[in-house]
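What follows is a set of notes on a single structure, which appears directly below.
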Amino acid sequence: MKVHDNNTPDLHGSVVAIGAFDGMHLGHQAVIRETVNLGEIYNIPSVVYTFDTPPRAYFQNSTILMNAKEKLEMVKKLGAKQVVIASFNKDYVQKSAESFIKELNKMHPKEILVGNDFRFGKGRSGNVQLLKKYFNVRIIEPVRCTRGEVISSTRIRKLIALGDTQGVGALLGEKEGVK
Ligand SMILES: Cc1cc2nc3c(=O)[nH]c(=O)nc-3n(C[C@H](O)[C@H](O)[C@H](O)COP(=O)(O)O)c2cc1C
Ligand SMILES: Nc1ncnc2c1ncn2[C@@H]1O[C@H](COP(=O)(O)OP(=O)(O)OP(=O)(O)O)[C@@H](O)[C@H]1O
């Protein structure tokens with residue numbers, strides 16, 4: 001797996017998943033697996049574009065569930081061919097939505113996978129509607145836990161605060177593991 005530190009590669013084609021992916025829970029794993037599958041189908045690199053620090057930790061001081069090294073290990077296990085790690089800092093957050101779109105365009109994405117509520121660019125000004133003007137955007141169905149609730153890093157942080165390690169393990173898919 002190629003790791004691009006603060007450097008978005010020039011590619012002739014790609015399938016790109018974007019997100020914080022903090023904790024790499026079952027929902028994140030589903031997004032990355034789908035990205036990898038599509039890359040294999042189209043025979044182009046699958047790329048995970050992620051952030052260090054996670055934006056929610058930067059802006060809201062929320063607990064960080066895994067460090068960049070652990071995240072990279074998971075991305076590699078899941079089979080992504082390339083990963084971009086953007087340093088999420090005071091300079092990076094000044095980048096406009098349009099400038100982020102230009103940056104993504106360097107990879108000539110055939111498809112971009114994000115959640116319905118994905119936001120990007122200074123002040124969170126960019127949304128899925130804007131992204132769809134420039135790229136084919138695929139929205140992944142939310143993965144839910146057995147109780148029917150959507151799995152999220154926020155829920156995992158709450159379960160950790162409650163000391164529910166079994167609940168955390170279930171949302172991380174520890175029984176199922178990764179391929
Ligand atoms: C270029 C760029 C600038 C951003 N600037 C802000 C910002 O000013 N305020 C903010 O709350 N989030 C900002 N974000 C973070 C996004 O709101 C969002 O958390 C991030 O794109 C990760 O998506 P996810 O939360 O769905 O994983 C920015 C993201 C990007 C890519
Ligand atoms: N349960 C889920 N099912 C499918 N996709 C998900 C799920 N949770 C997150 N994703 C997707 O994974 C990518 C990264 O999401 P993100 O890092 O914001 O996760 P999150 O769990 O929603 O985090 P947080 O709770 O901190 O907002 C996004 O494209 C998002 O839509």
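Only the coordinates and a few stated rules stand behind these numbers; no lab work does. Please read all numbers here as calculations on a predicted model, not as lab measurements.
For Phe88, the residues whose modelled amide H falls within less than 5 Å of its own, excluding neighbours fewer than 5 places apart on the same chain, are Asp52, Thr53. Calculate how steeply helix 26-42 sits against the longest principal axis of the alpha-carbon atoms of the chain, using the helix alpha-carbon long axis, and give the answer as 0 to 90 degrees to the nearest 10. In the chain, helix 26-42 runs at an angle near 40 degrees to the longest axis. Any idea what log10 I(q)/I(0) is at q = 0.22 Å⁻¹ for segment 2-143, Debye with uniform C-alpha scatterers and no solvent? Here log10 of I(q) over I(0) equals -1.69.
By the gyration tensor of its Cα atoms, with a ≥ b ≥ c the square roots of the eigenvalues, what is the shape of segment 59-133: rounded for a/c under 1.5, prolate for a/b over b/c, or oblate? Judged from the Cα gyration tensor, segment 59-133 comes out oblate (a/c at least 1.5, b/c at or above a/b).
Against the longest principal axis of the chain, how steep is helix 68-77, in degrees 0 to 90 to the nearest 10, with axes from Cα atoms? Compared with the principal axis, the helix lies near 80 degrees. For segment 118-163, what does the alpha-carbon gyration tensor say about shape, rounded, prolate or oblate, given a ≥ b ≥ c as the root eigenvalues, a/c under 1.5 as rounded, and a/b over b/c as prolate? It is oblate, given that a/c is not under 1.5 and a/b is not larger than b/c. The long axis of helix 153-162 is offset from the longest Cα principal axis of the chain by roughly 20 degrees. When DSSP beta bridges are restricted to pairs lying wholly in segment 2-143, around 5% turn out antiparallel.
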